[in-house]
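Participant: Below is the structure I would like to discuss, written out as structure tokens.
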Amino acid sequence: MDALEAITSRRSIRRYTDEPVTETELEALLRAAMCAPSGFGQRSARYVVVREPDTRRMLSEVSKHAGPVAGAPVAIVVCGDTTAERHPGTYFIHDAVAALENLLTAATALGLGAVWVGVHPWPDRMDAVRAAVGLPEGVEPIATVAVGHPESVPVSPDRYDETFVHRERW
Ligand SMILES: Cc1cc2nc3c(=O)[nH]c(=O)nc-3n(C[C@H](O)[C@H](O)[C@H](O)COP(=O)(O)O)c2cc1C
């Protein structure tokens, strides 16, 4: 699958088979995430890989939309390390979000299924994730990605919308 096909066929996958995600697959996902661009090249995104079912259950309870984390063989909490920022309070969220999209695209390319589970900027969700995975001071949870082998893969509609595009001026 080429890059454009992975990007255009990616869908949120919330149900998974029992097949485990191997360490090789996991490393490929993390390698892709770490290739994302970052502000000033500061690479402030950090990752907490969670296989342990009790921790995944805690992560699945941080919001009513986090359920898929409980049923996935692995979850990756994508964080921003504010202590790694060149200018504090600027690009740590952007860095993490770029990494998140690479992770989702890579999952699709590998035939895995993944879903972005929102954490930032909701204070209650952030506190619950911090507690579940023991984040140190200065490391902010941005989102959790649940990853597994998809139970089924929905078709991807063509989402191109010319009305979203403004040429030369809005
Ligand atoms: C910032 C953000 C937060 C999201 N949070 C959740 C979430 O908490 N739970 C969930 O199931 N999906 C979540 N999603 C996935 C969206 O629901 C999904 O991308 C959207 O419905 C489009 O569907 P698709 O990903 O299959 O194209 C989130 C996506 C983004 C970008």
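Participant: By the gyration tensor of its Cα atoms, with a ≥ b ≥ c the square roots of the eigenvalues, what is the shape of region 100-170: rounded for a/c under 1.5, prolate for a/b over b/c, or oblate?
Facilitator: Cα axes put region 100-170 in the oblate bin.
Participant: Moving to a separate point now. Among ALA6, ALA32, ALA45, which residue has its Cα furthest toward the positive end of the charge dipole of region 3-152, with +1 on Lys/Arg Cβ and -1 on Asp/Glu Cβ?
Facilitator: ALA6
Participant: What's the ranking of 141-152, 28-39 by average number of surrounding C-beta atoms within 10 Å, highest first?
Facilitator: 141-152, 28-39
Participant: Follow-up. Any idea what diffusion coefficient the chain gets from Stokes-Einstein, in µm²/s, Kirkwood Rh on alpha carbon pairs, 25 °C, 0.890 mPa s? Walk me through the numbers before you get to the answer.
Facilitator: Working: Rh = 16.6 Å.
The estimated diffusion coefficient comes to 148 µm²/s.
Participant: Can you give me the distance in nm between label points at ALA84 and ASP127, each placed 7 Å from the Cα along the Cα-to-Cβ direction?
Facilitator: For the pair ALA84/ASP127, the computed spacing is 2.7 nm.
Participant: So what are the three principal axis dimensions of region 20-111 from its Cα atoms, in whole Å, longest to shortest?
Facilitator: Principal extents (largest minus smallest coordinate, Cα): 38, 28, 18 Å.
Participant: Using helices alone, I'd like the mean residue ellipticity at 222 nm for the chain: each DSSP H run of four-plus residues gives -39500 (n - 2.57), total over residue count, nearest 500.
Facilitator: Computed ellipticity for the chain at 222 nm equals -10500 deg cm²/dmol.
Participant: Relative contact order for region 72-170: what percent, with Cα pairs under 8 Å and sequence separation of 6 or more? Kindly include the intermediate steps, with their values, before the conclusion.
Facilitator: Details: 116 pairs, mean separation 39.0, N = 99.
Value for region 72-170: 39 percent.
Participant: Another question, then. Find the relative contact order for the chain and round it to a whole percent, using C-alpha pairs within less than 8 Å whose residues are 6+ positions apart. List each step's numbers first, then the result.
Facilitator: Details: 312 pairs, mean separation 57.5, N = 170.
This gives 34 percent for the chain.
Participant: If you don't mind, another one. If you find the alpha carbon centre of region 1-76 and of region 97-155, how far apart are they in angstrom?
Facilitator: One Cα centre to the other: 5 Å.
Read-outs throughout are calculated quantities, based only on the coordinates presented, and are distinct from any laboratory measurement. Bear in mind that the values here come from a model prediction, so they are computed numbers and not experimental data. Positions of Cβ are generated from backbone atoms using ideal geometry, with glycine treated the same way; all protein chains shown enter the neighbour counts.
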